[in-house]
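Everything below concerns the one structure shown next.
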Amino acid sequence: MFDKSQLMRGTLEGCILKITSLKATYGYEIMENLRSFGFDEIKEGTIYPLLIRLENKSYITSEFRSSPLGPNRKYYSITSEGVHYLHDFEKYWGRVSISVNKILNWEAM
Amino acid sequence: MNLEKELRKENNKKDKLLTKENDRLLTDIIVYLHSGNLCEYDIEIIRKELLGMALEAQVRNDDLRNVVGENYKTFCDELMKSGRQKTKYEKALEWSYILVSGIGILFLYEFISAGILVGIKTGWNNLTLEMPVSWGFALSTACCVPAAFMIFYFISRNSFDMNLWKYKILFGCLVGFSFAAILLIRIFMGKMLLCTVNVIYPLILIAALYVLVKILETRHTNYLAQTHK
């Protein structure tokens, strides 16, 4: 069976960076954004390790802010390194997605 | 002030607000994370964040299981891969702490039990600071520390499965075998004298090392707390 996790990891990292580039946001909100764009199976548990990885790479930064729903929430925002990475991701994704679609739509002559 | 202790205290308070199921799952997750290569402070930070997620989920009438997803191990493995890995310095501090406190406790136990034995046999006036160190003590101490580590690793690596009989039996075997091995060493080599020491010197050495390791650990954790988060 097709293992989605490898493909998803890199793709989601780019998507998370895009979401955090729009405004400072927290895990649950990122998950809801991703779901609203069709990533239906995403859970907070899927993106939390990715947020840690992106933070360790210094692509995003975080701070705790108060929340109306209980304990403080961790808000993530993109860093300048993250913006560079996101630009590279966007360029590469554009090229890869065109190529992959071409191959998948290719029919034998 | 140790910032890790403060964080743990804060987390322990929030822990009490969790439902039983969420509390059990979070405990299993945190125990499992200890089998990886994440440092204690980073695990406490993860605990803080997962507590936040769990408490928010409770407000939404949801639970931590849905937040994390069904495969807890995969989630934890991803966390262990994504998190900052322990540095050599952190590993050295951790091992120093385990060795110094482990050896310290066993030495103190040996000193007190030997003292009581001498007191009972020959009278309390005959107590001296000279303590005979047997091969049995030295070897059993050398076995105790890795055995304790193995048991700890077994529990943490299988935290999600410890309620299954297979793991309970394996755990029992591991503990039983370790205990039996240490006991046999003590029985058969307990009277083979290695040397005699004045307990003051090793006690001072162990206490000094313990204080040194604790100071270095606290300083490092506070540095992490101020720079990383």
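Worth a mention:
- Structural descriptor for chain A: relative contact order 27 percent, calculated from alpha carbon pairs under 8 angstrom and at least 6 residues apart.
- Listed residue pairs exceeding 19 Å between alpha carbons, taken from B:LYS9/B:LYS81; B:LYS13/B:LYS73; B:LYS5/B:LYS81; B:LYS9/B:LYS48: B:LYS9/B:LYS81; B:LYS13/B:LYS73; B:LYS5/B:LYS81
- Each principal axis of the protein assembly as shown carries a Cα extent, and these read 95, 48, 38 Å when sorted largest first.
- Each 5 Å bin, from zero up to the one with the longest distance, holds this percent of the alpha carbon pairs of chain B: 1, 6, 10, 13, 14, 14, 12, 10, 8, 6, 3, 2, 1, 0.
- Förster radius 45 Å - calculated FRET efficiency between B:ARG219 and B:ASN125, Cβ distance, rounded to 0.05: 0.50
- The protein assembly as shown: calculated mean residue ellipticity at 222 nm from DSSP helix runs of at least 4, using -39500 (n - 2.57): -24500 deg cm²/dmol
- For segment B:94-190, the Kirkwood radius over C-alpha pairs fed into Stokes-Einstein at 20 °C and 1.002 mPa s yields D = 139 µm² per second.
- Oblate is the label for segment B:3-82, because a/c, from the alpha-carbon gyration tensor with a ≥ b ≥ c as root eigenvalues, is 1.5 or above and a/b does not exceed b/c.
- Between segment B:156-183 and segment A:59-81, the Cα center-to-center distance that results, in Å: 41 Å
- Three-way shape label, segment B:145-202, alpha-carbon gyration tensor, a/c 1.5: oblate
- Between the beta carbons of B:TYR89 and B:LYS13, assuming R0 = 25 Å, the FRET efficiency works out to 0.25 to the nearest 0.05.
- For segment A:4-104, the normalised intensity computed at q = 0.11, 0.12, 0.23 Å⁻¹ comes to -0.34, -0.41, -1.31 (log10 of I(q)/I(0), Debye sum over alpha carbons, equal scatterers, no solvent).
- Rounded tilt (10° steps) of B:3-15 against the dominant C-alpha axis of chain B: 60 degrees
- Segment B:1-99: GluC sites (Glu not before Pro) falling in loop per DSSP and having at most 15 other Cβ within 10 Å: B:GLU70
- Between helix B:200-227 and chain B: long-axis angle, C-alpha atoms, 0 to 90°, nearest 10: 10 degrees
- For chain B: relative contact order, % (alpha-carbon pairs under 8 angstrom, 6 or more apart): 30 percent
- Computed from the C-beta positions of A:HIS84 and B:LYS5 and an R0 of 51 Å, the FRET efficiency is 0.85 to the nearest 0.05.
- Gained length - B:ILE187 relative to B:ASN66, 0.36 nm times residue gap less alpha-carbon distance: 38.3 nm
- Axial C-alpha extent at least 24 Å, average Kyte-Doolittle at least -1.0 - helices from chain A (DSSP): A:4-22, A:80-104
- Spin-label pair B:ILE112/B:THR227, simplified geometry with 7 Å Cα→Cβ offset, distance in nm: 3.9 nm
- With neighbours defined as other Cβ atoms within 10 Å of a residue's Cβ, the residues B:CYS143, B:CYS195, B:CYS39 order from fewest to most as B:CYS195, B:CYS143, B:CYS39.
Every read-out reported here was derived from the displayed coordinates using simple, explicitly stated rules and does not represent laboratory data. These numbers come from a predicted model, not from an experiment. Note: ideal-geometry Cβ built from the backbone for every residue, glycine included; neighbour counts use all protein chains shown.
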